[in-house]
Structures are given as structure tokens and as C-alpha cells.
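S.K.: If you scroll down you'll find the structure; I have some questions about it.
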Amino acid sequence: MATCILLRHGRSTANTAGVLAGWTPGIALDDHGRDQVAEVAGRLAGVPISLVAASPLQRCQETAAVVADALRVSIESFDGLGECHYGAWTGRPLKDLATEELWRTVQDNPHDAVFPSSPEHRGESLREMYDRVTTTVRDLDARVEAEFGEHAVWIAVSHGDPIKSVVADVVGTGLGGFQRIHVDPASATVVRWAGHRSMLLRCNDTGRSLDSVVPRRPSGGEAARESVARPGDAVVGGGAG
């Protein structure tokens, strides 16, 4: 039951311009985004990170580089963590996209949303994106646990819609509940797959230190309780944290 910190890239030049970046090359962090990422790196101080995995897109690579350098961990890139392929929507202003019929499908019926391809950019459906990202994160999580043990913590640096997909998967809403989730730039979302149950530990967190997400080794009464509890069981009454 490794712990995954899903980190959205810092604010980018596309965020401030109000355009849908998608897989457009050359989308970098802006000055505020770089400040956000430096703050996140500080919040991660003291967290023993086993792996930093990142989307190959520039804004995520820049985010991952700051974090990995601070933590002295190398970066591995995975296309499966990349942004949704928005096809013909790529690079267009969000205010214009909001007037299109497909926008309402994306908002209200994400299962049916398919982005049309263009000569420059291929499109995919939200379902394809959801399956791609959740499979990648689950596979990486299993790899980290196998290599580093059940108390390992790792980071996946990705984008808003992919992180929302993982949260929807973890809390059991599936793609249908995808648009009920909000993920800010440079926010941390923490999930854990524990036996028969997945858990959302934090979502869209932009403030607190992240050292408390590191799993503790139980002792005393906690060890006795965990000896009869199944992995992933919630603490009745909410615990004493």
C-alpha cells in the first residue's frame, strides 16, 4: 500500500492566457508557477520519496525538476501521465470552446465526450484518457510498493484532468463524477490503494506540509488493532489525528 502524491504542474503560460494547452509543445511555467513549485518543494521536505514520475510535457517536466532536485531523486517520464489529447480544441481560447455543443457533453456527460482530431493534434475521448491515466498510476504504484515496500511514498506530476481521473477512480465515482472534482495548479492530492479499498487522503491541497502523509509503522494498541483489521479499513470514529 504505497502512497501516491499527485502533483499538478505549477501555473503555466497557457493558464494565464486562458487557452487549452493540451499537448502543445513549449508551454512553460510562468513566474508565479515557478514560485508555486518552489513552495511545493519546501512542503515536501522530510518526505522520503522513492520515485518522481512525470508527464513528458514541458510544464510538468519543469515542475518535476524543481521537486526532484530538492529531494535528490531522479525523474522518470511516462506518456500515460500526459494531458488529455484535446485534438482540434488544442490551443484554442476556453471562452470560445465554452460556446460549443461538445463543451456541454464534457461537463454533463463525460462518458460521451470525444475530442475531434486535427492535422496537428490527435484527439481522444475522456474515457480513453481516464483509462490511460488510472492504469498508469495503478501500475506505477504497484511497482513502487514491490521495489520499496508498503510504506513507500512516490510522486506523479501530471495535469488537471488526469489527476481528476485518478481521484474519481479512487473515490468510486468513475468518470461520471469526474467534473465534481477541482484540482488547482501546484496542488497536491494524496491517494493510497490499500488491499480491497482505495483512499483519498488529501485533495487539491495547496497549503500544509506533506510530511504527515508518510505512513507510520504501528505500535502498541495500534498494532493490535491492525492485526485484526483488513488493509484499507477506515478508522471508526475518524481516529485521533
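S.K.: Whether any residue in region 119-127 is within 18 Å of the chain's Cα centre (by Cα) and in contact (Cβ under 8 Å) with a residue 60 or more places away in the chain is what I want to check.
M.R.: To start, the set of residues in region 119-127 that are within 18 Å of the chain's Cα centre (by Cα) comprises 126-127.
Cutting the leftovers down to in contact (Cβ under 8 Å) with a residue 60 or more places away in the chain gives us none.
No.
S.K.: Which of the residues spanning region 14-24 are farther than 22 Å from Val166 by Cα and modelled with pLDDT under 95?
M.R.: Residues satisfying the conditions are Ala14, Thr16, Ala17, Gly18, Val19.
S.K.: I would also like to ask the following. Only one residue in Asp184, Asp139 is open to solvent by 50 Å² or more (accessible area, probe 1.4 Å) and in contact with a strand residue (DSSP E or B) (Cβ under 7 Å, 6 or more places away or on another chain). Which one? So that I can check it myself, show each step before the final result.
M.R.: Details: Asp139 fails: in contact with a strand residue (DSSP E or B) (Cβ under 7 Å, 6 or more places away or on another chain).
None of the others qualify; the one that does is Asp184.
S.K.: Identify all residues within region 93-105 that are free of Cβ contacts under 8 Å to residues at least 60 places away in the same chain and open to solvent by less than 40 Å² (accessible area, probe 1.4 Å); write none if there are none. Before you say what the answer is, go through the steps one by one.
M.R.: Kept after step one, since they are free of Cβ contacts under 8 Å to residues at least 60 places away in the same chain, are these residues of region 93-105: 96, 98-105.
The answer is Leu102, Thr105.
S.K.: Look at region 152-181 and say how many of its residues are part of a loop (DSSP other than H, G, I, E, B), more than 13 Å from Cys203 (Cβ to Cβ) and open to solvent by less than 50 Å² (accessible area, probe 1.4 Å).
M.R.: Pass one, region 152-181, residues part of a loop (DSSP other than H, G, I, E, B): 152, 159, 172-174, 181.
Within this subset, residues satisfying the condition of being more than 13 Å from Cys203 (Cβ to Cβ) are 152, 159, 172, 174.
After this cut, where a residue has to be open to solvent by less than 50 Å² (accessible area, probe 1.4 Å) as well, the list is 152, 159, 174.
Adding up the residues that qualify gives 3.
S.K.: So which residues in region 68-97 are assigned to a loop (DSSP other than H, G, I, E, B) and closer than 15 Å to Arg127 by Cα, if there are any at all? Walk me through how you get there before you give the answer.
M.R.: Within region 68-97, the subset assigned to a loop (DSSP other than H, G, I, E, B) is 72-74, 78, 82-85, 90-92.
The answer is Gly82, Glu83, Cys84, His85.
S.K.: Test each condition in (1) crowded, with 17+ Cβ neighbours inside 10 Å; (2) within 24 Å of Cys60 (Cα to Cα) for Ser198 and report the one that comes out false.
M.R.: Only one criterion in (1) crowded, with 17+ Cβ neighbours inside 10 Å; (2) within 24 Å of Cys60 (Cα to Cα) is unmet by Ser198, namely (2).
S.K.: For region 98-143, give me each residue that is in contact with a His (Cβ under 9 Å, 6 or more places away or on another chain) and in a strand (DSSP E or B).
M.R.: Of everything in region 98-143, those that are in contact with a His (Cβ under 9 Å, 6 or more places away or on another chain) and in a strand (DSSP E or B) turn out to be Gly123, Ser125.
S.K.: Using the structure shown, decide if Gly42 is within 24 Å of His121 (Cα to Cα) and not in a strand (DSSP E or B). Steps first, answer last, please.
M.R.: Numbers: within 24 Å of His121 (Cα to Cα): no; not in a strand (DSSP E or B): yes.
No: the conditions fail for Gly42.
S.K.: A further question on this structure: List pairs: first residue in region 189-215 and under 17 Å from Ala41 (Cα atoms) and at pLDDT 95 or above, second residue aliphatic (A, V, I, L, M) and open to solvent by 60 Å² or more (accessible area, probe 1.4 Å) anywhere in the structure, Cβ distance under 8 angstrom, at least six positions apart or on different chains.
M.R.: Matching pairs, first to second residue: Thr189/Leu200; Val190/Leu200; Val190/Leu201.
S.K.: A follow-up question, please. Considering region 75-92 alone, what residues qualify as being within 26 Å of Asp141 (Cβ to Cβ), in contact with a strand residue (DSSP E or B) (Cβ under 7 Å, 6 or more places away or on another chain), open to solvent by 50 Å² or more (accessible area, probe 1.4 Å) and not hydrophobic (A, V, I, L, M, F, W, C)?
M.R.: Within region 75-92, Glu76, Ser77 qualify.
S.K.: Mind counting the residues in region 25-38 that are surrounded by fewer than 18 Cβ atoms within 10 Å (Cβ to Cβ) and either over 19 Å from the mean Cα position of the chain (by Cα) or modelled with pLDDT under 95 (or both)? Outline the logic, then answer.
M.R.: Just the residues of region 25-38 that are surrounded by fewer than 18 Cβ atoms within 10 Å (Cβ to Cβ), to begin with: 25-26, 28, 31-32, 34-35, 38.
Cutting the leftovers down to either over 19 Å from the mean Cα position of the chain (by Cα) or modelled with pLDDT under 95 (or both) gives us 25-26, 31-32, 35.
Summing the residues that are surrounded by fewer than 18 Cβ atoms within 10 Å (Cβ to Cβ) and either over 19 Å from the mean Cα position of the chain (by Cα) or modelled with pLDDT under 95 (or both) in region 25-38 gives 5.
The values are calculated or read from the model by the stated rules, or taken from the named source; none is laboratory data. All values derive from a computational prediction rather than experimental measurement. So basically every Cβ, Gly included, is an ideal-geometry build from the backbone, and we count neighbours across all protein chains shown. We work out accessible area using only protein heavy atoms, side chains counted, and drop any ligands, DNA or RNA first. Shrake-Rupley method; radii C 1.70, N 1.55, O 1.52, S 1.80 Å.
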